[in-house]
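The values are calculated or read from the model by the stated rules, or taken from the named source; none is laboratory data. Everything numeric in this text was worked out from a predicted model, so none of it was measured. Positions of Cβ are backbone-derived with ideal geometry, glycine not excepted, and every protein chain shown enters the neighbour counts. Ligands, DNA and RNA are excluded from the accessible area calculation, which covers all protein heavy atoms including side chains. Shrake-Rupley method; radii C 1.70, N 1.55, O 1.52, S 1.80 Å.
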Amino acid sequence: MQRLTTIFVSFLKIGMFTFGGGYAMLPLIERELITKRKWIEQKEFLDLLTLAQSVPGPIAVNTAVFVGYKVRGLRGAAAALLGTVTPSFVIILAIAIFFAGIRQNPVVDAAFKGMRPAVVALIIGPVLTLSRGMHWTMLVVIAASALAIWWLDWSPIWILAAAAALGIAWELTMAKKVKGEK
């Protein structure tokens, strides 16, 4: 059984060294949990990501809570949650205190402009990882969903609800086919 301090420190490192939000944290979470700590398997990680995306809240925080709970129950979930949010809380607090005075500083502005491409790359990485092994039809659904959100201004909530309904219908249809073949 994992120690709570190990869970806390693992997620604290993830929270401290990731910029760009939850999706940018996913490669670090994956490396820490699957490769280094071996707390969960790759398929289980993908299932947890799906679950984390389906509930309200940031994906990295939700993933941390689910993994912490799986590894060590309610206390593990609390340790993972605190580890993930502590760095962001401290950074946001410091920014709130000092940012108004330094926002117009050219060095600060240049740093933010320089970080943008890196943040985009950190978001694209997990997308490519998650799409590995998917059937080409799923990639078409992903592209169609993204285009509907960006160009048609459809709500992501309706896209997710429709995708869930279609997934359930597909699985029920497949289950009936398998049952009928027996």
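Answer yes if at least one residue in the stretch 120-136 is among the hydroxyl-bearing types (Ser, Thr, Tyr) and farther than 30 Å from PHE8 by Cβ, and no otherwise. Looking for residues that are among the hydroxyl-bearing types (Ser, Thr, Tyr) and farther than 30 Å from PHE8 by Cβ, one finds at least one in the stretch 120-136, hence yes. Kindly indicate whether LEU82 is touching a helix residue (DSSP H, G or I) at 6+ places or on another chain (Cβ under 8 Å), open to solvent by 60 Å² or more (accessible area, probe 1.4 Å) and of a type outside the set (D, E, K, R). Yes.
Evaluate the stretch 96-119: report whether one residue or more is under 17 Å from GLY22 (Cα atoms), in contact (Cβ under 8 Å) with a residue 24 or more places away in the chain and open to solvent by less than 50 Å² (accessible area, probe 1.4 Å). Checked the stretch 96-119: at least one residue is under 17 Å from GLY22 (Cα atoms), in contact (Cβ under 8 Å) with a residue 24 or more places away in the chain and open to solvent by less than 50 Å² (accessible area, probe 1.4 Å). Annotation: of all residues in the stretch 14-35 being free of Cβ contacts under 8 Å to residues at least 60 places away in the same chain and open to solvent by 40 Å² or more (accessible area, probe 1.4 Å), the one that is nearest to the chain's Cα centre (by Cα) is LEU28. For PHE99, are the conditions met, namely being of a type in the set (Phe, Trp, Tyr) and within 16 Å of ILE14 (Cβ to Cβ)? No; evaluated as a whole, the condition is false for this residue. Scanning the stretch 54-90 for residues that are among the aliphatic types (A, V, I, L, M) and farther than 14 Å from ILE14 by Cα gives VAL55, VAL71, LEU74, ALA77, ALA78, VAL90. Among the residues of the stretch 36-70, those identified as of a type in the set (A, V, I, L, M), surrounded by 15 or more Cβ atoms within 10 Å (Cβ to Cβ) and without any contact (Cβ under 8 Å) to a residue 24 or more places away in the chain are LEU48, ALA52, VAL65.
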